[in-house]
1. Under 8 Å for C-alpha pairs, at least 6 residues apart: give me the relative contact order for segment 70-180, rounded to a whole percent.
2. Report the label-to-label distance for residue 78 and residue 246 in nanometres (one decimal), using points 7 Å from each Cα along the Cα→Cβ vector.
3. Starting from the Cα of residue 370, step 7 Å along the direction of its Cβ; do the same at residue 260; then give the gap between the two resulting points in nm.
4. Residue separation times 0.36 nm, minus the C-alpha to C-alpha distance between residue 179 and residue 164: what's the value?
5. Determine which lysines satisfy two conditions relative to residue 177: a Cα distance under 24 Å, and not lying fewer than 8 residues away in the same chain.
6. Full-extension gain between residue 334 and residue 113, please, as 0.36 nm times their residue separation minus the C-alpha to C-alpha distance.
7. What number comes out for accessible area per residue over segment 111-254 if the probe is 1.4 Å? Units Å², please.
8. Would you please classify the overall shape of segment 87-199 from the alpha carbon gyration tensor, given that a ≥ b ≥ c denote the square roots of the eigenvalues, rounded means a/c under 1.5, and beyond that prolate means a/b larger than b/c while oblate covers the rest?
Amino acid sequence: MPRELPQDHFCPWREEAEEFKAEVSRIGGEVDALKGQLAALQRHVFGRRAEKLPTVAAELRGDADSTAARAEAAKQKRRERASRKAEEAPAREIRHAVPTEERHCPACGGEDMKPLGKGRASVLYEYVPARFEKQVHVQEVLACACGRGVVTAPPPARVVDRGEYGPGFIAHVVTSKCADAMPLHRLAQRVERSGVPMSRSTLTDLFHQAASVLLPLSQHLLQCIAAADVVWADETPLRVLDVKKTRLGYLWTFLTQNEAGEWLIGYRFSMGRASRTPKEVLGGTSGALVVDAYTGYNAVTLPQGRVRVGCWAHCRRRFFDALATAPEARHAMDLILELYRVEAQARGADVVRTAAHRALRQLHSAPVLARLHVWLEEQTPRHPPNTTASGVGRRGSGRRRAGREGPHCIGRHPPHS
């Protein structure tokens with residue numbers, strides 16, 4: 001029989017074995033982290049920065065492979081094409097008459113010719129160059145017979161007092177700069193070719209004047225967005241010209257959707273990324289705020305502010321990054337795809353943001369979220385912290401997104417991402 005060792009017995013080799021096991025576990029975690037970083041770096045350098053897996057939209061289209069679904073998709077495509085045709089440029093009919101020398105029958109030579117139907121029609125798209133015009137406004141002046149009173153017609157409305165450029169001209173400058181990305185110096189050259197003396201400094205002044213005039217409208221738009229129950233927000237870094245160098249500024253985007261399904265988008269620019277801008281726009285409001293994990297939004301979400309809502313697109317991307325070292329992350333991506341299927345079903349039934357939409361989520365999305373929560377709990381002890389694969393079982397982000405934040409942010413990015 002083996003001899004029992006006293007309780008106070010000390011074995012140095014056992015302590016060394018435990019230390020060695022802990023060191024191996026630590027090194028294994030570092031190796032997994034390096035593998036994940038290497039896979040992400042390879043995708044960044046040698047592949048596309050976006051996910052190489054099919055997008056959510058592509059995977060949803062792959063579900064509808066039945067004949068009826070394909071027929072419905074083709075029908076919808078024809079409708080969209082017809083609506084685009086209805087929005088085409090205005091049409092002008094140009095009649096082409098048969099020349100006089102050809103107004104005779106090629107068979108009998110008779111000249112008693114009559115129109116045959118409406119004629120042969122064909123379509124030709126042509127460009128009619130835009131033009132500027134110099135308007136000379138003459139105000140009528142009336143004098144009374146008594147010789148003591150004079151009446152003058154009111155002057156034309158101007159964007160700026162004593163300004164020489166009308167609202168249509170200024171709107172053209174803003175549209176060319178913002179919508180068409182036309183540099184002002186190049187726009188000045190185009191305007192001059194059209195017969196209007198112009199310099200870049202003048203266009204810059206007009207652009208700033210337009211911003212000043214539209215400031216009340218911009219402020220009202222941001223107020224309408226801030227009053228909404230659900231608001232999306234994001235900030236985009238932009239390089240701003242400075243003396244002999246460039247500085248980094250940020251364009252903050254705030255958007256929401258009204259009851260008619262129309263998107264309201266407002267912008268604010270700042271030279272910093274601090275919480276000052278979201279606090280100025282959304283401070284003191286309540287509802288849900290769909291943002292990423294940037295702490296700059298804490299000023300309007302903590303402690304009694306808006307409910308911070310996560311984004312399933314960001315969450316899905318984290319699981320994709322973990323695939324290199326944790327292939328089981330694909331299961332989470334499949335569950336997230338099921339959530340998107342529910343949203344696609346709501347859009348197809350035209351019940352988005354209605355009681356029927358909520359009932360659909362409670363019936364189908366809630367069980368999927370419960371399954372995701374259970375799966376995350378099972379994966380948590382299997383992946384060491386501070387590794388790429390730790391996102392597979394991390395309770396801090398995964399369970400929170402799958403809980404109260406998830407259902408609000410399905411399809412978070414309405415025009416992009």
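The values are calculated or read from the model by the stated rules, or taken from the named source; none is laboratory data. None of these values were measured; they are calculated from a predicted model. All Cβ positions, glycine included, derive from the backbone under ideal geometry; neighbour counts span all protein chains shown. Heads up: the accessible areas ignore ligands, DNA and RNA and are worked out on the full protein's heavy atoms, side chains in. Shrake-Rupley method; radii C 1.70, N 1.55, O 1.52, S 1.80 Å.
1. On the way: 33 pairs, mean separation 9.8, N = 111.
Result for segment 70-180 is 9 percent.
2. About 4.9 nm separates the two model spin labels.
3. 4.1
4. Numbers: separation 15, 0.36 × 15 = 5.40 nm, distance 2.38 nm.
Roughly 3.0 nm would be gained on extension.
5. 134, 244, 245
6. Numbers: separation 221, 0.36 × 221 = 79.56 nm, distance 7.19 nm.
Length difference between fully extended and current span is 72.4 nm.
7. Working: 11600 Å² over 144 residues.
Result: 81 Å² per residue.
8. Oblate is the answer for segment 87-199, as a/c is 1.5 or above yet b/c matches or exceeds a/b.
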